[in-house]
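One structure below.
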Amino acid sequence: MASIRLDDVSVNFVLYQGSGRSLKKTLLHSSTSGALKHDAHHRITVKALNGVSLRLEHGDRLGLIGGNGAGKTTFLRTLAGVYEPTAGRIRVEGRVTPLFDIGLGLDPDATGYDNIRMRAAYFGIDSDEIERKMEDIAAFTELGDYLSLPVRTYSAGMTLRLAFAAATAVDPEILLMDEWIAVSDVQFLEKAQRRAEGFVNRSSIMVVASHMEEVLRRLCNKILWLDHGTIVRMGPVDEVLAAYRATLGDVALKTAPAPAPEPAAAPQP
């Protein structure tokens, strides 16, 4: 059964090392997120996560909130194994599906079909499974014979359809998303949202970072509030969002409705 456990996890990055004069200039112009520290050796260290401890089990749908530089993206990438903790321990049980950029890794010189196969391999899906799903994926894209042509011949909208269909064909155990899935093709939008709903429902654990309150309320059953890499509060959705608003004001979260599925019932283990 899928689970995530972090024990006092910290992630630090050495942003810069040099002379004191250059150090001041770097501090003034740096846009790196996290808490900046500098020492006598003229090193700037970004403490992107600071002593984070939590546990997630089957059925958890965790929303991440916090301002720019709060550590949300670092947290997601640490769960995905992109970053290694510089302190503490992390244990992730279950296949992780990171959905940070659905178009990342598409080969423009390969056909649509071959890109679907490559994306499946990236997510750890064996060739037999993806071939069983190929007909469904192809039908969903509505690209027809274009799937036999190189992706470089596609329009932006066609490329998005291909990437979205391939990314959401998996059965994720642990689903990580940096902002909710969105598509700009109006005709494709309703169909994409229905597919995304099933995608989320199939996950055992989901973690999503979003600035959209509507998305957080509809997708999540708990919220983690981060600030400069440190946990401020974690708990029920309404409780944490209310505390966040009280501290930062109404501009803290966008309240305009955003496309999102209905609350997902956790799959049976």
Identify all residues within the range 209-218 that are crowded, with 24+ Cβ neighbours inside 10 Å and in contact with a Pro (Cβ under 7 Å, 6 or more places away or on another chain); write none if there are none. none
Considering only the range 103-125, state which residues are part of a helix (DSSP H, G or I) and within 19 Å of Gly157 (Cβ to Cβ). Gly112, Tyr113, Asn115, Ile116, Arg119
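Please go through the range 88-118 and give me each residue that is in contact with a Gly (Cβ under 8 Å, 6 or more places away or on another chain) and closer than 30 Å to Leu49 by Cα, ordered by number. Full working, then the answer.
In the first step, residues of the range 88-118 are kept if they are in contact with a Gly (Cβ under 8 Å, 6 or more places away or on another chain); the result is 88, 92, 95-96, 118.
Gly88, Val92, Arg95, Val96 - these are the residues of the range 88-118 that are in contact with a Gly (Cβ under 8 Å, 6 or more places away or on another chain) and closer than 30 Å to Leu49 by Cα.
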Can you pull out the residues in the range 143-165 that are free of Cβ contacts under 8 Å to residues at least 40 places away in the same chain and closer than 18 Å to Leu189 by Cβ? Leu143, Ser155, Ala156, Gly157, Met158, Arg161
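For the range 53-67, give me the residue count where each residue is part of a loop (DSSP other than H, G, I, E, B) and either of a type in the set (Val, Ile, Thr) or touching a Leu at 6+ places or on another chain (Cβ under 7 Å) (or both). I'd like the intermediate steps shown before the answer.
At the first step, the residues of the range 53-67 found to be part of a loop (DSSP other than H, G, I, E, B) are 57-60, 66-67.
Pick out the ones that are also either of a type in the set (Val, Ile, Thr) or touching a Leu at 6+ places or on another chain (Cβ under 7 Å) (or both) and you get 66.
Total satisfying the criteria: 1.
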Look through the range 101-127, keep the residues that are aromatic (Phe, Trp, Tyr) and at pLDDT below 85, and return whichever of them is surrounded by the most Cβ atoms within 10 Å (Cβ to Cβ). Phe123
Does the range 181-200 include one or more residues that are closer than 28 Å to Val11 by Cα, modelled with pLDDT under 75 and under 18 Å from the mean Cα position of the chain (by Cα)? yes
Of all residues making up the range 211-226, the number that are modelled with pLDDT of 95 or more and farther than 16 Å from Leu176 by Cα: 2
Residues (in a loop (DSSP other than H, G, I, E, B) and either touching a Lys or Arg at 6+ places or on another chain (Cβ under 9 Å) or crowded, with 16+ Cβ neighbours inside 10 Å (or both)) located in the range 68-84: Gly69, Ala70, Gly71, Ala80, Tyr83
All but one of (1) out of contact with any Asp or Glu (no Cβ under 9 Å at 6 or more places or on another chain); (2) of a type in the set (Val, Ile, Thr); (3) assigned by TED's automatic domain parsing to the domain that holds Gly81 hold for Thr168, so report the exception by its number. (3)
Output the qualifying pairs, or none if there are none: Cβ atoms under 6 angstrom, residues six or more apart or on different chains, first residue in the range 232-261 and in the same structural domain as Leu49 (by TED's automatic domain parsing) and modelled with pLDDT of 90 or more, second residue among the aliphatic types (A, V, I, L, M) and not in a loop (DSSP other than H, G, I, E, B). Arg233/Val240; Arg233/Ala243; Met234/Leu224; Val237/Ile223; Val240/Ile223; Tyr244/Ile65; Tyr244/Ala252; Arg245/Ala252
Can you tell me which residue within the range 139-150, out of those that are over 25 Å from the mean Cα position of the chain (by Cα) and in a helix (DSSP H, G or I), is surrounded by the fewest Cβ atoms within 10 Å (Cβ to Cβ)? Asp145
I'd like to check something: does the range 85-92 contain any residue that is farther than 29 Å from Glu214 by Cβ and assigned to a loop (DSSP other than H, G, I, E, B)? yes
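Residues are listed down the side, and each one gets a yes or a no for (1) modelled with pLDDT under 95; (2) in contact with a His (Cβ under 8 Å, 6 or more places away or on another chain):
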residue	(1), (2)
Leu6	no, no
Ser10	no, no
Val14	yes, no
Gly20	yes, yes
Leu27	yes, yes
Gly51	no, no
Glu57	no, no
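The values are calculated or read from the model by the stated rules, or taken from the named source; none is laboratory data. Because the structure is a prediction, the values reported are computed rather than measured. We place every Cβ from the backbone using ideal geometry, glycine too, and count neighbours over all the protein chains shown.
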